[in-house]
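A.B. asks: Handing you this structure, nothing more for now.
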Amino acid sequence: MEYYELHPVNPELRFINKAVKILKEGGVIIYPTDTVYGIGCDIFNKQALDRVKEIKSNPDIKLLSFICSDLKDISRYAKVSDYAYKTMKKLLPGPYTFILPAAKQVPKKLWGKRKTVGIRIPDHSVALKIVEGLGNPIVSTSTTTRRGELIINPLEIKSVFNSLVDLMLASGNLGGRPSSVIDLSGEEPVIVREGAGDTSIFV
């Protein structure tokens with residue numbers, strides 16, 4: 001695994017480009033978000049998606065969320081109601097994952113049981129620059145052990161995943177709490193997981 005440490009606000013473009021190149025070639029990377037480190041790949045690469053599921057020790061994992069670059073990008077991959085749009089505009093970029101009805105162009109491997117997808121726009125320049133460079137979303141699933149325990153220390157992540165991924169972009173210790181997950185696919189918002197993002201507006 002290649003390993004590079006980046007500035008969280010002004011990351012070196014050459015390392016971002018390395019990550020994008022690996023993703024385009026069907027590779028798997030680890031990268032920082034505004035909550036925890038994510039394991040990612042191009043959502044349109046079937047072999048890479050299968051590899052991520054193997055790394056997570058769950059070939060049937062649902063729901064694999066993914067990162068978009070902005071609200072306009074989200075509307076390409078999900079059906080967004082007026083309420084969902086206003087809510088996301090208020091809270092994104094930020095530590096939230098929103099569950100929305102999937103658009104047809106999203107690979108079915110990423111669909112939940114109710115034909116939904118989980119979408120993030122993290123407030124972290126490294127993750128967003130990778131997505132912008134690739135030109136389409138990347139998978140976002142947290143770095144956990146086989147027992148499901150979250151790993152947040154970059155050097156520990158490097159040790160655990162060294163032989164499993166192709167590249168890691170490190171940006172120091174992150175917050176340690178995953179994103180809050182809000183289901184906006186129905187008529188009323190549903191808090192699926194309380195995490196780093198404030199969920200009080202949905203109560």
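A.B. asks: Does region 84-131 hold any residues that are among the hydroxyl-bearing types (S, T, Y) and crowded, with 17+ Cβ neighbours inside 10 Å, and which are they?
C.D. replies: T87, Y96, T97, T116, S125
A.B. asks: Can you tell me which of S185, S180, S142 is in contact with a Gly (Cβ under 8 Å, 6 or more places away or on another chain) and within 24 Å of K72 (Cβ to Cβ)?
C.D. replies: The match here is S180.
A.B. asks: Tell me which residues, restricted to region 18-39, are touching a residue at least 24 places away in the same chain (Cβ under 8 Å) and over 11 Å from L169 (Cα atoms).
C.D. replies: V20, I22, L23, K24, G27, V28, D34, T35, V36
A.B. asks: Would region 21-28 turn up any residue that is touching a strand residue (DSSP E or B) at 6+ places or on another chain (Cβ under 8 Å), closer than 28 Å to K115 by Cβ and modelled with pLDDT under 95?
C.D. replies: The answer is no, given that none of the residues of region 21-28 is touching a strand residue (DSSP E or B) at 6+ places or on another chain (Cβ under 8 Å), closer than 28 Å to K115 by Cβ and modelled with pLDDT under 95.
A.B. asks: How about region 149-203: which of its residues are free of Cβ contacts under 8 Å to residues at least 24 places away in the same chain, in contact with a Ser or Thr (Cβ under 8 Å, 6 or more places away or on another chain) and of a type in the set (S, T, N, Q)?
C.D. replies: Scanning region 149-203 gives a single hit, T199.
A.B. asks: Kindly provide the set of residues from region 137-154 that are within 12 Å of the chain's Cα centre (by Cα) and part of a loop (DSSP other than H, G, I, E, B), ordered by number.
C.D. replies: Those that are within 12 Å of the chain's Cα centre (by Cα) and part of a loop (DSSP other than H, G, I, E, B): P137, T143.
A.B. asks: Okay, next question. Applying the selection to region 155-193, what residues are assigned to a loop (DSSP other than H, G, I, E, B), crowded, with 16+ Cβ neighbours inside 10 Å and among the acidic types (D, E)?
C.D. replies: Matches in region 155-193: D166 only.
A.B. asks: Please list, ordered by residue number, the strands (runs of 3 or more DSSP E) wholly in region 33-136 having 2 or more residues that are under 17 Å from D183 (Cβ atoms) and at pLDDT 95 or above.
C.D. replies: 96-101, 116-120
A.B. asks: Here's another thing I want to ask about it. If you go through region 76-128, how many residues are out of contact with any Leu (no Cβ under 8 Å at 6 or more places or on another chain), in contact (Cβ under 8 Å) with a residue 24 or more places away in the chain, farther than 16 Å from G197 by Cα and not aromatic (F, W, Y)?
C.D. replies: So the answer is 10.
A.B. asks: Which members of region 9-26 meet the condition of being in contact with a helix residue (DSSP H, G or I) (Cβ under 7 Å, 6 or more places away or on another chain) and assigned to a loop (DSSP other than H, G, I, E, B)?
C.D. replies: V9, P11, G26
A.B. asks: Still on this model: Can you go through I30, I55, I16 and tell me which one is surrounded by 15 or more Cβ atoms within 10 Å (Cβ to Cβ), in contact with a Lys or Arg (Cβ under 6 Å, 6 or more places away or on another chain) and more than 23 Å from D198 (Cα to Cα)?
C.D. replies: So the residue among I30, I55, I16 that is surrounded by 15 or more Cβ atoms within 10 Å (Cβ to Cβ), in contact with a Lys or Arg (Cβ under 6 Å, 6 or more places away or on another chain) and more than 23 Å from D198 (Cα to Cα) is I16.
The values are calculated or read from the model by the stated rules, or taken from the named source; none is laboratory data. Just so it is clear, the model here is predicted, and its values are computed rather than measured. Here Cβ is always computed from backbone atoms with ideal geometry, including for glycine, and neighbour counts include all displayed protein chains.
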